[in-house]
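Here's the structure we're looking at; comments come further down.
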């Protein structure tokens, strides 16, 4: 009897050890396949400008550690660290996916000729916004003959001058060491713009122009740039509608939108692509990236557009049936060698992206905005977000390549007393309510949310309501992710993540890439579990 008890004890210990240590080893997921890593750059002295691949990425910290910068993994990058009065530091580096590379730089003082020059900017009329290489530097003086002066690194720079009601002025300035060049921008008041008049049936829908300007229908949007724009109408209890409209100078485009009530019959779509990661636009609305399940779709035909950098756009239609999931597997075709692509990320997210004046969509906090099929050469890219200065830069597109653009937007003075809430759900297409007010469907970034605690409700027909409390911080973005549970399914804790990311600072590793790595400790636990299990098994046999 004692021997039996002893053997029983060892068997129980064996099973317990295997279960506990195996579960511990699996508690943290393996690093997901990705194409980004991080670099942390410090300088002595601090306060130096950081340029990666000739794109401004922020300033090194004067106190404490600097923020992590997201970069593409597996490729060679150039970095330049610059501070006035000190010699530049330049080198190359590369990082592996999900890994962090640290770069410490020492900037010696300039002892001979200055490496900087000066650009002076004047505009007629004055009071215009001045951007140098996409970075805001202030307003032109209103006093005749005065200049806004800015010291910059010697070399080539793009100067843009912008004023509401006038055509944007842009020019290239090449500076030698210690040289000063003045730019006089005579702004043209005959701005080529038009307007868009939107009516919905029924009235009272929220109408959004290019993802940022939201008003209640019927509405007229004035002073709209000439070109292609996207109008989206949403209303609680109705399917959202998206339309593309062409604006002509001096003309008013008329748009009538009929909203369809969400009926008792609906279906869903499961959309995949090879390769995955393509942006999904269903009936013109962004719905996330492949693979994704999109719910609450009306019965009938729907258009699907997939965009992925390096590949041709994929367009088709699907037929949705009641209470069924329609599957779509799209094989993407590589772009011909005569075209390139642009990937756009912004901090904060939610910025409207225009390339050569054409609206392409909004940046998100969970994926880059893909712009495939762009002709090689130089293109003007503008990012616009309420409460921030426009970010304007020139993008050089190379045939057969993907150009990455990372834009850090600058707050307008005292204009950002609110925060943002970015919401995703699985499946997507769920209604989002903040403090019982309908705000749109997932995936969604809600702007101008007052700081403090708010109640968030995510609702979709056929699924249990999902609620949480979210804390909004001034000038920051609270990110919410939820997995909905079907009605009638066993009630389990829904997957949720609520994080807050600063909108004016460079991203940290945990904010920019929500993946986790298996730690060495857990791998050690797994090996220890196997070893312990073997020892216990030997003792049991004895």
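Residue-level analysis places residue 275 outside the set of residues that are under 22 Å from the mean Cα position of the chain (by Cα), within 30 Å of residue 342 (Cβ to Cβ) and without any contact (Cβ under 8 Å) to a residue 40 or more places away in the chain. In summary, residue 492 fulfils each of the numbered conditions (1) modelled with pLDDT under 90; (2) closer than 20 Å to residue 349 by Cα with the single exception of condition (2). May I ask you to verify whether residue 359 is over 21 Å from residue 281 (Cβ atoms), buried (at least 19 other Cβ atoms within 10 Å of the Cβ) and in contact (Cβ under 8 Å) with a residue 40 or more places away in the chain? No: the conditions fail for residue 359.
Scanning the range 311-362 for residues that are in a loop (DSSP other than H, G, I, E, B), within 26 Å of residue 293 (Cβ to Cβ), modelled with pLDDT of 90 or more and under 24 Å from the mean Cα position of the chain (by Cα) turns up 312, 313, 332.
Highlighted here are the strands (runs of 3 or more DSSP E) found entirely within the range 200-309 that include at least 3 residues which are closer than 24 Å to residue 432 by Cα, touching a strand residue (DSSP E or B) at 6+ places or on another chain (Cβ under 9 Å) and modelled with pLDDT of 85 or more: 206-209, 227-234, 241-247, 266-274, 279-282, 285-289, 292-298, 300-307.
Only residues that are on the phi < 0 side of the Ramachandran plot, free of Cβ contacts under 8 Å to residues at least 24 places away in the same chain and not in a loop (DSSP other than H, G, I, E, B) were counted in the range 129-158, giving 3.
The values are calculated or read from the model by the stated rules, or taken from the named source; none is laboratory data. Keep in mind the model is a prediction, meaning the values are calculated, not measured. When we count neighbours, we look across all protein chains shown, and the Cβ atoms used for this are built from the backbone with ideal geometry, even at glycine.
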